[in-house]
Amino acid sequence: MTRTASTLLLFLSCLFPAIPAVADTTPYWVFFTDRGAVNIARGVAAKAASPEEPKNTGRRARLLGRRIFDERDLPVHPDYIAGVAGITGGVRTVTRYFNGVTVDADEAQVRRIEALPFVRSVEPVTRYRRSTPPRGDGAAPERHGKAAQLSYGASFFQLDAVGVPKLHTRGHMGEGIRIGVLDSGFDDLGHVAFDSLTVSHQWDFIQRDEDVRGDDHGTRVLSIMAALDRGDMIGAAPYATYMLARTEIINPPDSTEDYKVEEDYWVAAVEWADSLGADIIQSSLGYTDFVDGPDYTYSDLDGETAITSIAAGIAVEKGIVVVNSAGNEGNDPWYYISTPADGKGVIAVGSVRYDGNLQPVVSSFSSRGPTFDGRIKPDFVALGENVVVVGSMQNTYTSGSGTSYAAPAVSGAAALLLQVHPDWTPAVLHDSLRVTATPVGADSLAGYGLINAFAASGLSDGGPAIASFRVYDPYPQPVQFAGSNTRIYFPLDVPAGGKRFAIRIFSFSGEEVKALEGVIPSPGSYRDRIGAPSWDGTNFTGDAVAPGIYFYTVQVDGYGAHKGKLAVMR
């Protein structure tokens, strides 16, 4: 990583190394009294003016006006961190939202930390007992007739359920939207479905490195948003930019020990995603039942008790759309949603299946609401049974069930809506989904219902009218060809269908090296990577062209020609 936030994490890892695990220590939160001898108003102003905050400033300025930053964006005082680390030998995480750190400490060390003049309080970090993913109780859906036509394969069904394909056909595939994904691990990112995946940052908050492998749960969640393998699987937002965070400690599958998940890693990952300019945070994780107790109770589901829920609410306040799975405890004694799905402003997503008449029915395992303070939860539902995901075997596909697989469909849909409406706040996006959702059952089961992203977008069902012919600059530029899956695209708007197009590529010396021809089937905006004409970087004989500058022409019958140049790298 080369960005500021990643550099800071690496710096803190060296300055305050992770605490070696020992049997007689327990994880604790350490909260500080203040930010040190810092003028808060001046610090906030300096933060807003810093050139190191381009993405943060852009998103927050657009959504929040002058309230771009506040005290929760200021760094934790390094002397305070060092004072605690000097007692424990290191820190686990640093949190600017809550002005503190987490450490592994024994009882004697806790007493010494509590005596420090700048320490406000010391509280245990709880550890979660992970539940078993549910098995679907509905039959696998039949392949929809439109699937083959749109090249979605069996994944069409789960995307069509939430109104995504119509947005795809309008050219909205998630470009320009940044999604932070918090999960237990991302194995096998070499799967063919991820050939077009863009990952800007990745971080393992347990091992403090860039290796985010752990298990395949996060990989499957990611595939529902980011897959692009025409004919087999297309995700909801394949051209969004992803930031991957591993936040869970996962024991071997055959282990008899409890799975343990520390909430502080989740909070640290939220702050990390925020610092990198995330527009959306996707989390299919939840915390209710703990190894070392005490467990959360129903009265704790108020959005103001669990530290993960509070952190999620802060992120929403800062303009980030936070989507979290509701939980899979609908058949269990707990029954209710988990934290941080109860967070204020968080979009909690439950699961539905389809019955024999293709009508949505709430999954029996989907966790219920409302929150203790009476808010509707889950907020919405999406297909969460027999969902197509990438398989654990190389370049295979399988199906899975759980609210973990419903939430990413909503996150991907949210990315498309933010692409259509970049000025939408989380509240506006939520309201748009709410008024267009299809009711499925009681509020406590399905919230406002099954989302319809296309209806929420407000776009006309007939698609936007194209007033004039236009050719846009090819992308990506410069193009760096690296194999058969890399292409350069020629986006264009065409006001009438049935028109033939021709694209010709010329070397710097004027020699024609490639000609591409085809038909524009209907009027529309062909700007995404599925609809736009493209070139694979080869010449007439099928060999890769040499690096350098090339010229091109784009001609569509009846509309004249467009000329330009592009750079090829290898």
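Computed values, structure above
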read-out: Linear extension gain, residue 71 paired with residue 40, 0.36 nm per residue minus alpha-carbon span; value: 10.5 nm
read-out: Rounded Å value of the spacing that divides the Cα centres of the range 185-205 and the range 94-125; value: 35
read-out: Residues of the range 212-244 with amide N under 15 Å of a point placed 7 Å along Cα→Cβ from residue 519; value: none
read-out: Mean projected area (nm²) of the alpha-carbon convex hull when the range 487-528 is viewed from all directions; value: 3.5
read-out: Residue-span extension gain [residue 507 to residue 396] - 0.36 nm each, minus C-alpha spacing; value: 36.0 nm
read-out: Rounded percent of accessible protein surface that carbon and sulfur make up, the range 273-329, 1.4 Å probe; value: 49
read-out: Listed residues 44, 322 arranged by accessible area, highest first, probe 1.4 Å; value: 44, 322
read-out: Sorted peptide list for 363-375, 274-286, 499-511, 91-103, criterion being average Cβ within 10 angstrom, highest first; value: 274-286, 91-103, 363-375, 499-511
read-out: Proximal charge balance of residue 451 [Cβ under 10 Å; K/R count +1, D/E count -1]; value: 0
read-out: Computed label-point distance, nm, for sites residue 305 and residue 459 using a 7 Å Cα→Cβ extension; value: 4.3
read-out: Segment residue 557-residue 473, length gained on full extension (0.36 nm per residue, minus Cα span); value: 28.3 nm
read-out: Counting all C-alpha pairs of the range 509-570, share separated by more than 15 Å (%); value: 60
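The values are calculated or read from the model by the stated rules, or taken from the named source; none is laboratory data. Note that the structure is predicted; figures quoted are calculated from it, not measured. Cβ sites come from the backbone with ideal geometry, for glycine too, and all protein chains shown count toward neighbours. Surface accessibility is based on the protein's heavy atoms, side chains included, excluding ligands, DNA and RNA. Shrake-Rupley method; radii C 1.70, N 1.55, O 1.52, S 1.80 Å.
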